Each structure stands twice: as C-alpha cells, then as structure tokens.
1. Look through segment 20-43, keep the residues that are modelled with pLDDT of 90 or more and more than 10 Å from ligand 2 (Cβ to nearest atom), and return whichever of them is surrounded by the most Cβ atoms within 10 Å (Cβ to Cβ).
2. Say we look at segment 73-88 and pick out the residues that are surrounded by fewer than 24 Cβ atoms within 10 Å (Cβ to Cβ) and within 17 Å of residue 33 (Cβ to Cβ); which of these is nearest to ligand 2 (Cβ to nearest atom)?
3. Please determine, by comparing only the residues of segment 102-115 that are at pLDDT below 75 and under 19 Å from residue 32 (Cβ atoms), which one is surrounded by the fewest Cβ atoms within 10 Å (Cβ to Cβ).
4. State yes or no: is residue 461 more than 28 Å from residue 336 (Cα to Cα) and either in the same structural domain as residue 372 (by TED's automatic domain parsing) or crowded, with 21+ Cβ neighbours inside 10 Å (or both)?
5. So which of 588, 618, 638 ends up being more than 20 Å from residue 556 (Cα to Cα), surrounded by 16 or more Cβ atoms within 10 Å (Cβ to Cβ) and in contact (Cβ under 8 Å) with a residue 24 or more places away in the chain?
6. Taking strands (runs of 3 or more DSSP E) that do not extend beyond segment 416-485, which have at least 2 residues that are under 21 Å from residue 503 (Cα atoms) and in contact with a helix residue (DSSP H, G or I) (Cβ under 8 Å, 6 or more places away or on another chain)?
7. If I go through segment 129-139 residue by residue, how many of them are more than 10 Å from ligand 1 (Cβ to nearest atom) and under 35 Å from the mean Cα position of the chain (by Cα)?
8. Of all residues being in a strand (DSSP E or B) and away from ligand 2 (no atom under 16 Å from the Cβ) in segment 152-161, which is surrounded by the fewest Cβ atoms within 10 Å (Cβ to Cβ)? Just the residue, please.
Ligand code: ADP
Ligand code: MG
C-alpha cells in the first residue's frame, strides 16, 4: 500500500448519543464490555459455521472455531480475536457506525443527560459493541470476511467520527505485529498470511489498567462467558494460550449441573438483554420429535416488542450447529417475547433457511413448544389473584402472594402480545385463555376467566365484557349500571387487541362472551342481588307510554339512529348506545373507520331508561303540543350525550351547543 486509503465517516445520531453515554460512563459494572465483545465473537463463529455447511471452502484449513484474548501490557491493549464470519468494508460501516439496532431510537430518546438517571437505562438496554468505550479511549477493529482476502480496519475514539481504511494486508501486520495474527497459525492457502475473522483492539483508558491483569480477565470470562460454546483462550505475553471456559453447549448440559447464575449469563448472551429471566424453561423432548429447549421470558419489556422490524429471538440449532434466528417460524408471533435456543436432533443439517419455513418437523416442534410454554405459564400463574385472602392463613401465604404478583408483572409486560394469539386460527385458544388476566368490576386487580366463571350469578350464561380506551373510564361507563345493580361481574378490556379477539373467540368453557353494549341483553333472567326491582323492570318494557316515546324519538332522530328501545340495563343514566348482536363494537368500528377500512360508522341503537326522571317527564309530555320543540331538543341532547359518553362523534356540535345553551338559559331564568 502506497497511498493512505482512509475514509472518515460520521456515526449516526443515535449511535453518537449512545457513545457519549459510554465515554462518560459512571456505570459501575464496566466488566460487561468483555462479555459483549465475546458474545459478538461467538455470534460471528455461529454465522460462519452455518455458512460453511453449504460452502465448506469458507472454513477450509481452519475449521476449529475459537475466540482468543490477548493482553499486551506494554501497548496497554486487549485484543479480542475470533475466526468467525468477519466483516467487509460495508459491514464495518453499517454494523459499527450507521445502522442502529432496533430499539436504539427509543433508548436514546430516554437519555436525559443526567448520568444518575441514565445509567439504569444501560442496564435495560444491551449496548453491545459500544460498551468497549467504557474502558477504551480508542478502539480498532481489523476484520477479514470469510472467503475474501482483503482486510479492513475500522477505528474510532468514540467521538462523533470513525475511520475505515483498506484493503490493508501489510499495514495491519505492521501496526499489530505479534498479537493479531500470532494467535492462530495462518491457513496454508492464504499466502499473504491473511486470516479471516475479526480482531477488536481496545486501547485502554489511562485509569483502566486493572483490565491488563489476566487473572482479572479470566475471572470476568468465567463469570459472564463460561457458557460460550467455542473455546475462549487467553494469552499473556509469551505464555501458551490456555482455554478459560467450559466450551460446551450449555443447553445440552443436565439441569442439575447448572446454577441460576449460569442460566442468567446464558440468557444475557442469547437474548442480548441485561435483565434477569422471569421464566427459565429447560427441557429435552425425547418423543416423536427430539429437541432440546432452553427458553426464557424476560423480566423487563424489550424495547422492540411492538417495533415493526422486531425480530423473533429464539435461535434454531440443529445438533449444536446454529442455523438461524430470523425469519424462522419456530415460535408464533404472540410468543415473540421468548428468548433462547431450540436445538433439534432430527432436522437435516444442510437445510436451507428458505425451506425451513415449510418443514413439517419444525411445525411439530413449534406446536410442542407452544404447548409447553402455555403449561408453564399456567403453573406460574396458578394462584387465583382474587382469592388471596383465602390463601392468607396457609403456611405459604407469603410465597403464593409473591407468585401472583410475579405473574401480574409478566402480564403487564406481555399480556397484550399473548392475546394476539387469540386472533390466530391455529393457536390453542382454551390454554391461551386459561393464562390470560383481565380487569373486571369485581375488584381492582386482575382476574382469570375461571375465577370469573366461579362467580357467575344464577341463570347467567355469558361472560360479559366492555371494551374501551382506559380502565378507569370503563369503570364509570353507564353501560355497567344495570350489571352493577345486580352484582353481575363485567370484564373491562382496554387493550387494542381486545377489540379483535372478542370478534373471533366466541366462548370459554361453555360460556359465551358477550359485550354489554348489545341491545338484546336481558338481565331479568339473571338472579341478581337487588331482586325486588326485577319485576318492575320487566313490566316497564310493555309500558305503552314508553313505547310511544321511543317511536317519537326515533322519528325525531331519523336516520341517525338504527332504533330507539327501552332497556333495563341503566339505573342512573337516562340513555346509552347499543349495537345489535353480531354487529361491530364501537371502538373496533371507530378504529376501522380511522384506518379507512370502513367508509363510515353505522347508525347505533339508542337505549332509554324508562325508570329515569327525564324519560318519565318526557313520556308524560308527549301529548302536549306546546312541548313539541322541547321534546325534539331534548331527544337530540340525550342522543348526543350518549354518543359523547361512548367516545363517538356527535354529528353537529354547533346544534348541540345551541340546544344546551338554550336549556341552561331557561333554567337560570326560572
Ligand atoms: P448485537 O450483537 O446485539 O447485534 P452489537 O452492538 O454487539 O449488537 O454489534 C453490532 C453488529 O456488529 C453485530 O450485529 C454484528 O453484525 C457486527 N459485529 C460485531 N462484532 C463482530 C464480530 N466480532 N464479527 C463479526 N461481526 C461483528
Ligand atoms: Mg452484541
């Protein structure tokens, strides 16, 4: 190389912010930089091992994957080297500088600049490669992509810019004469001595000498990276490299040999997440389909759970060889919070990622895994949250309460994702519903459907629910009044997905789901707590005056309503809206109109409460010709009021205001 072939590039804005946070890091646990770099090295080896199944020439002469760590006390550097897939120029630029991984945007938007507040954020978000700037003031990455004979160098001090240089076979050798390439023997066919893989060279900050101590590094590796399935070696000056980790696939080891710490570290690696696993599920299936499964559910909600380009993060291995973790349908979308590894004994090794999609063996594994995960969730949540008092005197009262609270955390994080499964035809609905939690009118906390069913009133055939934007608003809805009077429990559903699954799931254990907004609900058949009033409710339906009033209001409102009917559903309110059985519920319809999937909202049924003072006085005035204008205005006001309560648009806000103002003026003048 004669000319210096170097390009200066800028980090993307998000990455710059992450870097600033790293450089000024007061983060107490700096040790994790090594775990992150080893984790990347291991991923790179996994990727190449997969590529080599179809392109064996890529690893020819050097098929033993390894990760080598070398310390150079004189130069004050640590080098993390792997003979994995490597990166070319474009990859160095995008992977280490311009393309932020999903969730980075959200992470960055939460950075306040106040390091005390920001540090815990790092703990919630894996920052990967950039964590090297916690200990280094300059990082050099030299990489040679498998199959290429060009080396490229990336370098940065972490302040806004990085350089990319190459191709530079000879130069690298000059800059890093002994360490980079002495760790491995060069393969015979690479005449120039170019090795594939990546070396990350950390030039330590002046106060980070502790990381030059190989005992210290060994300790970090055994603490955080023992589970890495490739050997990790350490060299200190002239000494022979020594393997530091166990270097076997952790998921193949018997449960009894593994400690919670080891599971946790493996989780950090496989999930790229820094929290604790909320659930660890490790088992070997030895029936018709044979596979080993080590899956985790995170404690914290991952940033990209609802991100459009989120990835499913369960890695597929075939007999210990990593195949893929993207675009493979090994866990359903509604379990996309699962992290971990599934290792099949039966799938062919040279299966291509494309044909995997339609592999019947894989479909069987998926089905079995879903079943197992749901069973495990059922076990975790098996204590009924509304019967806590009952558990209180038992010896395990405390323990069981913990389990319950624990499940609620899970539910708050992932409940709305899990409920997406209810909309999928292929998902096992009953087991899914069994592990679902719902807010209800029976208390402040969550309930299960089984607990709801145990509280059914005599004669009650339905599981009643009400959907809407917020739980608190739902609790105040007039739709619930008649149910509350009779002590009939109603589920309160405020997740968007609730609008959808309630349209496709009809029943649970023989009880039909029914929205309380349905016009055909007759509560008189259900034995309630306020029995005395039941008869009057039934009678008012036939009240001739009320029927006449309904007719009159219907004439006034014309095409704006579908019908006007008396209901026994209300107590304090005069009116509410309802829809026919089989019609779309309010919120779903609004959503589809917003999305332009429906041209316009349909006309609703206006239900009136024959017991209400306003309705009674209106009915009494029907014959009074002079009152005709008032009746008309009141009919519109009541209808608009019902629409407002339901969050529907009112047709003519100006007319509404004019009418309301008229009545206010009248009442002030009186
Ligand atoms: P993550 O590992 O979560 O993707 P990182 O910040 O740790 O994020 O790494 C960013 C990307 O850089 C990786 O996804 C990978 O494509 C690339 N990379 C990092 N280290 C290596 C390496 N040793 N070999 C090959 N590619 C690497
Ligand atoms: Mg990483």
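1. 33
2. Only one residue fits best here, namely 80.
3. Checked segment 102-115; the qualifying residue surrounded by the fewest Cβ atoms within 10 Å (Cβ to Cβ) is 115.
4. Answer is no for this residue.
5. 588 is the lone residue from the list that is more than 20 Å from residue 556 (Cα to Cα), surrounded by 16 or more Cβ atoms within 10 Å (Cβ to Cβ) and in contact (Cβ under 8 Å) with a residue 24 or more places away in the chain.
6. Here the list reads 438-440, 462-467.
7. Residues meeting the conditions: 5.
8. That would be 161.
The values are calculated or read from the model by the stated rules, or taken from the named source; none is laboratory data. This is a predicted model, so every value here is computed, not measured. Cβ coordinates were reconstructed from backbone atoms using ideal geometry, including for glycine residues, and neighbour counts include every protein chain displayed.
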